[in-house]
Structures are given as C-alpha cells and as structure tokens.
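Written out below as structure tokens is the structure these notes cover.
The values are calculated or read from the model by the stated rules, or taken from the named source; none is laboratory data. None of these values were measured; they are calculated from a predicted model. All Cβ positions, even for glycine, are placed from backbone atoms using ideal geometry, and neighbour counts span all protein chains on display.
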Amino acid sequence: MHPKRLSIVGVGLLGGSLGLALRALSDAPYEVIGFGHRPATLQTALGIGAIDRAADDLQSAVADASIVVLCTPVGLFEQLLAQMAAHLKPGTIVTDVGSTKRSVVAAAKRLLPDGVRFLGSHPMAGSEKRGIEFARTDLFQGATCIVTPTPDTRADTLDAVESLWRNLGMRVVRLSPDEHDRLLADISHLPHALAAALIAMQEPDALALAGKGFLDTTRIAGGDGAMWRDILLDNRDNLHNSVARLREQLARLLTMLEENQAKELARWLDAAAARRQELLQQKLREVNPD
C-alpha cells in the first residue's frame, strides 16, 4: 500500500521542518512533495531529506495530494488557493501554518471547490531565523498548534489535521478564526511590533552597549520584514486594539514616574513578575503533565 501524498507549498523554515519531522516518523505515513519558486531551496530540501520529491509546478505539487499544507507567507495564501483550486481532487484537505486566520479561512471558502476541505492551523513553533538552512526535525516537538474550525468543518477533517500535528509531538488547541486573531494580536503580533519599536528608538551609541536582556527582548525583531508586514496588516484591527491597551499601561507608567509613585510602581512590577511566573509554571505543566 502506497503512503498518502502530503504536499508542502513553501519549503522554508516551517515547511522544511515539517517535511523533516514527517519523514522521521517510524511508520512513514506520507510521501512528502515539496514546491517552491526557488530551485536552490528545493535542492537543499532534497539534500537534507526534508522532501521525497520536488514538484516542477504548483499543479503537479497538489495533484493527487491527500493533504496540502501552505507554508508560505500569509500574503501569498489567497493567490495560491486560487491557482491550485482547479487541480485539487475531491477529498483533499488543505491547511496552513499562517499567523492569521480570518483571511485565509474566508479565501478558502470563496475559492476552493466543493469536496475540497480547508482547516486552518497555526503551529506556534517559529523562529526569527528564516530559510530551509535552519529547518529542524524537532521544531514542533512539545509546542502548541492552534487549529481553527468553523461550523462548516467536518469531524473527519478536524481529526485528520489534529492527528497530523499531534503525531509531530504538538499539543493541539481549538479556537475560532476570530478568537485566534484576537488573542494572537496580544501574544505574538504586538510583541513583534514592540521589538521592532525598541530597536528603532535606540541611538547607535546605546545599541553598542546593549546586553543580553535587550538582545533577548528584541530577538524577534530579526524576523523577515515582508512576512511580518503582511501579518500585522492582515490583523490590523485586532493589533490596533492591542496597541491601544498597551498605551493605557504606558500612560499609567508615565504617571507613576511623573508623580514619583514608588509603592505603586513596585506593585505594578511585582504583579507583572507574578503573572510571568504563573505562565512559566503553566508551560512546565504542559511539558510534564504528571
């Protein structure tokens, strides 16, 4: 019996890591096909064992696939869905790894034919690094993957996509597309914008003195600018609300500084430290549930 065909569209850090992880599974459940616009990237993916075969074009990449995973920047999703729609067989499941969900869910509903099923995924396992050169077999191990079913999602589609990520060692959480984009604005998109702002506001002499704390805080600002531009603009309404709430906290900080409110400032800082400790304990429980 031949393994199912899984096609990865976009073989960069996430796509390459997905291929490596799938091909490392002991039961080899998929033949992994890779497609991308850069021949050198596909050759690298073949060389490191991330894919079984490279497709020459998008049509051949998705033809006869049981599952198609979009691993390109979110700004390309609608174009790719439109281009592949006519070449997907009935029963094919399409998912993605994008950081926003409402737009891709709407595009899939509009563009994909009846019989082709879409379910959004967001594996929370990226990096500020980019490219197939940084792909890792264990990138997804122990991380969280958010799936975003809608009322139209079939139970067998949900089971297939969740099983895909669980087999790679991920913890799967379900959110609606709206909930996903609202929450990710706070915990992912705003932090990235803040890291960029912290870098942008610095004088060159100050950057020369930066230590580990500043480097840790701004690490994610090293991500791909065009990719993050598309994410921030795609979720701009939620991000706007997050920035407004942050502005309230900064206004509170300014007041405490201007009025020399030492006790209030200490309570504010201690409350933040306690919440972060709770977060760390929660993450430890997820890794070691027993």
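Once segment 15-30 is narrowed to residues that are among the aliphatic types (A, V, I, L, M) and over 18 Å from Ala55 (Cα atoms), the residue that is farthest from the chain's Cα centre (by Cα) is Ala28.
Of all residues in segment 33-64, those that are part of a helix (DSSP H, G or I) and under 18 Å from Gln83 (Cα atoms) total 5. Selection of segment 102-118 for residues being in a strand (DSSP E or B) and among the polar types (S, T, N, Q) yields an empty set.
Hey, does segment 187-197 have a residue that's over 22 Å from His240 (Cβ atoms), buried (at least 18 other Cβ atoms within 10 Å of the Cβ) and touching a residue at least 40 places away in the same chain (Cβ under 8 Å)? No - not one qualifying residue is present in segment 187-197. One residue stands out among those in segment 57-94 that are buried (at least 22 other Cβ atoms within 10 Å of the Cβ) and of a type in the set (S, T, N, Q): the one that is nearest to Pro39 (Cα to Cα), which is Thr72.
When residues in segment 45-56 are screened for being surrounded by 12 or more Cβ atoms within 10 Å (Cβ to Cβ) and either of a type in the set (Asp, Glu) or closer than 16 Å to Leu139 by Cβ (or both), 6 of them pass.
Quick check on my filter: what residues within segment 162-184 are within 19 Å of Leu20 (Cβ to Cβ), buried (at least 19 other Cβ atoms within 10 Å of the Cβ) and in contact (Cβ under 8 Å) with a residue 60 or more places away in the chain? Quick ask: steps written out before the conclusion?
Filtering segment 162-184 down to residues within 19 Å of Leu20 (Cβ to Cβ) leaves 163-170.
Narrowing the set further to residues that are buried (at least 19 other Cβ atoms within 10 Å of the Cβ) leaves 164-165, 168, 170.
Answer for segment 162-184, where residues must be within 19 Å of Leu20 (Cβ to Cβ), buried (at least 19 other Cβ atoms within 10 Å of the Cβ) and in contact (Cβ under 8 Å) with a residue 60 or more places away in the chain: Leu164, Leu168.
Quick check on my filter: what residues within segment 11-32 are part of a loop (DSSP other than H, G, I, E, B) and crowded, with 23+ Cβ neighbours inside 10 Å? Selection gives Val11, Gly12. Whether any residue in segment 222-242 is more than 26 Å from Ser17 (Cβ to Cβ) and in a loop (DSSP other than H, G, I, E, B) is what I want to check. No, segment 222-242 contains no residue that is more than 26 Å from Ser17 (Cβ to Cβ) and in a loop (DSSP other than H, G, I, E, B). The sole residue among Asp138, Asp152 that is of a type outside the set (Ser, Thr, Tyr), surrounded by fewer than 18 Cβ atoms within 10 Å (Cβ to Cβ) and either under 16 Å from the mean Cα position of the chain (by Cα) or not assigned by TED's automatic domain parsing to the domain that holds Pro39 (or both) is Asp138. When the residues of segment 191-204 are filtered to those that are assigned to a helix (DSSP H, G or I) and more than 11 Å from Ile220 (Cβ to Cβ), the one that is nearest to the chain's Cα centre (by Cα) is Ala197.
Of these, Lys101, Lys109, which one is touching a residue at least 40 places away in the same chain (Cβ under 8 Å), basic (Lys, Arg) and surrounded by fewer than 19 Cβ atoms within 10 Å (Cβ to Cβ)? Can you show your working first?
Details: Lys101 fails: surrounded by fewer than 19 Cβ atoms within 10 Å (Cβ to Cβ).
Within the list Lys101, Lys109, the selection yields Lys109.
Just the residues that are touching a residue at least 24 places away in the same chain (Cβ under 8 Å) and of a type in the set (Asp, Glu), please, taken from segment 15-33. Within segment 15-33, Glu31 is the sole residue that qualifies.
Hey, among Ser121, Ser99, which residue is within 18 Å of Leu18 (Cβ to Cβ), part of a loop (DSSP other than H, G, I, E, B), at pLDDT 95 or above and in contact with a helix residue (DSSP H, G or I) (Cβ under 7 Å, 6 or more places away or on another chain)? If you could, list the steps in order and put the result at the bottom.
Working: Ser121 fails: part of a loop (DSSP other than H, G, I, E, B).
Among Ser121, Ser99, only Ser99 is within 18 Å of Leu18 (Cβ to Cβ), part of a loop (DSSP other than H, G, I, E, B), at pLDDT 95 or above and in contact with a helix residue (DSSP H, G or I) (Cβ under 7 Å, 6 or more places away or on another chain).
Checking Phe140, Phe77 one by one, the residue that is in contact with a strand residue (DSSP E or B) (Cβ under 8 Å, 6 or more places away or on another chain), of a type in the set (Phe, Trp, Tyr) and assigned to a helix (DSSP H, G or I) is Phe77 and no other. Scanning segment 153-186 for residues that are in a helix (DSSP H, G or I) and touching a helix residue (DSSP H, G or I) at 6+ places or on another chain (Cβ under 9 Å) yields a count of 10.
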